[in-house]
Ligand code: ATP
Ligand code: MG
């Protein structure tokens, strides 16, 4: 005879997410880990923890929607994945345009709905809905987007799960203004801003975390060079530059790094 315990065990072990294993996909989004390069990063993580705690508390149920918004490459996806992993919720699933390449509009809408329906089967679920504008196939040329996908997202993000079910959705975007224009913004209970790196101190903090790339002297030189200039770089871009520094001679690295930042417009002389 099949008991309730069997059902619960099946939920835990047999109901696999439609798009790959949660843990592995989450880890691939988190990458090499989160560097707390400034208290603003800690604040974002704290906001995630607060949302998780709030939803877990006995007097809160239904859906709790959170939005992480920040410029492209600022690390919104990794931060959202980190929050999902740390939520400790038994059911975590990712809804990302990466997993839906080539889907027709209808297939995409059905897939999004299924992700929510699957989440409703667990008492505590967490969904990472990555790159909302990508899911909606938004393009600024035109501009165009899929209204059908927008409507599915709007309905599902507003809808309460069945009784005694709690659902945390952590969404990401680099186009908050677009979400506002299409009327999706009001569905989010908490909106948290993710920033780019903009000071020499923050930059050096990241560089210190990238294993043995620069000497103390180099770090001092970099911080000095950046002082008084306009710095604006996403963590993803910064780590990508750092990943090639290992191929550069040690004594050439600081010069190469600074030239590269300037060449790509990440640091500028003008403060206007
Ligand atoms: P895109 O605009 O392409 O969607 P993104 O803003 O979502 O990019 P991620 O894909 O999250 O950026 O990449 C950020 C990378 O930086 C990840 O590999 C992550 O491990 C690393 N990382 C290190 N520290 C942080 C941090 N404090 N916040 C976010 N990501 C970090
Ligand atoms: Mg992303």
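Here, each number is a calculation from the coordinates, and none is a lab measurement. Treat the numbers as computed from the prediction; the structure is a model and nothing was measured. Glycine gets a Cβ as well: all are built from the backbone with ideal geometry, and neighbour counts include every protein chain shown.
Can you order the peptides 170-178, 31-39, 191-199 by their average number of other Cβ atoms within 10 Å per residue, highest first? Please list the in-between numbers first.
Details: 170-178: 21.4, 31-39: 14.8, 191-199: 19.0.
Ranked from most to least packed, the peptides come out as 170-178, 191-199, 31-39.
Provide the FRET efficiency to the nearest 0.05 for the residue 104-residue 144 pair, computing r from the beta carbons and using R0 = 22 Å. Mind showing how you got there, number by number?
Working: r = 16 Å, r/R0 = 0.73.
So, using R0 = 22 Å, E works out to roughly 0.85.
Of the residues 247, 216, 42, which exhibits the maximal mean-square fluctuation in a Gaussian network model of the chain defined by a 10 Å Cα contact cut-off?
247
For the chain, take the longest principal axis of its alpha carbons; what is the angle in degrees between that and the long axis of helix 200-209, to the nearest 10 within 0 to 90?
Approximately 70 degrees, to the nearest 10.
Going by average Cβ neighbours within 10 Å, how do the peptides 80-93, 201-214 rank, with the highest at the top? If you can, show how the numbers build up before the last one.
On the way: 80-93: 21.0, 201-214: 16.7.
In decreasing order of mean packing, 80-93, 201-214 become 80-93, 201-214.
Test of understanding: what is the full-extension gain from residue 181 to residue 160, defined as 0.36 nm times their sequence separation minus their Cα-Cα distance? Write out the running numbers ahead of the final one.
Values: separation 21, 0.36 × 21 = 7.56 nm, distance 2.39 nm.
Gain in length upon complete extension: 5.2 nm.
What angle, in degrees between 0 and 90 and rounded to the nearest 10, separates the Cα long axis of helix 39-56 from the longest principal axis of the Cα atoms of the chain?
Taking the Cα atoms of the chain, the angle to 39-56 is about 10 degrees.
In percent, what relative contact order does the range 200-268 have, based on Cα pairs under 8 Å that are 6 or more apart in sequence? Walk me through the intermediate numbers first.
Details: 46 pairs, mean separation 27.2, N = 69.
So the answer I get is 39 percent.
Expressed as an acute angle from 0 to 90° and rounded to the nearest 10, what is the orientation of the C-alpha long axis of helix 4-13 relative to the principal long axis of the chain?
Helix 4-13 sits roughly 30 degrees off the main axis of the chain.
Can you give me the Cα centroid spacing of the range 142-168 and the range 91-116 in angstrom?
12 Å
Give me 163, 108 ranked fewest to most by other Cβ atoms within 10 Å of their Cβ, as a rough exposure proxy.
Lowest count first: 163, 108.
Rg and Dmax in Å for the chain, alpha carbons only: what are they?
In Å, with Rg to one decimal and Dmax whole: 21.0, 74.
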